[in-house]
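Enquirer: I am attaching a structure below and will ask some questions about it afterwards.
The values are calculated or read from the model by the stated rules, or taken from the named source; none is laboratory data. Just so you know, these numbers come straight off a predicted model, no measurement behind them. Please note: Cβ atoms are built from the backbone with ideal geometry, for glycine as well, and neighbour counts cover all protein chains shown.
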Amino acid sequence: MYKEFRRMALDDAKLKRRYGLECLFRFFSYGLEKRFCSDIYNDFEEITIKDYENGYFYGLEKYRAFHYYNNTSNKPEVHPKLKWVVHFDVF
């Protein structure tokens with residue numbers, strides 16, 4: 001189900017319909033807080049980078065929020081291209 005959701009959201013985003021992609025970013029941010037899965041986290045990083053390279057910031061916001069509010073002791077590695085976002089104080 002996740003793979004189909006991701007595929008459809010990315011397909012819609014290519015057509016400039018962003019609602020599905022924004023839902024996917026919310027799923028990443030809130031879902032990974034509840035139950036961490038490294039494969040899904042890697043997708044989160046990859047899709048966030050691509051979305052930012054396409055000129056959008058919503059994924060960056062959700063990625064930043066995930067790391068900002070993540071209170072677990074086992075913090076995931078931050079992709080080198082996204083380190084500036086995690087350490088950027090916007091709140």
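Enquirer: Which is over 9 Å from the mean Cα position of the chain (by Cα) and crowded, with 16+ Cβ neighbours inside 10 Å, of Leu24, Leu15, Leu60, Leu82?
Expert: Only one candidate qualifies: Leu82.
Enquirer: Any idea which of Glu61, Glu45 is out of contact with any helix residue (DSSP H, G or I) (no Cβ under 7 Å at 6 or more places or on another chain), acidic (Asp, Glu) and in a helix (DSSP H, G or I)?
Expert: After ruling out the rest, the residue left standing is Glu61.
Enquirer: Sticking with this one: Condition first: over 10 Å from the mean Cα position of the chain (by Cα), in a helix (DSSP H, G or I) and modelled with pLDDT under 95. Now tell me which residues in the range 32-42 satisfy that.
Expert: The answer is Glu33, Lys34, Ser38.
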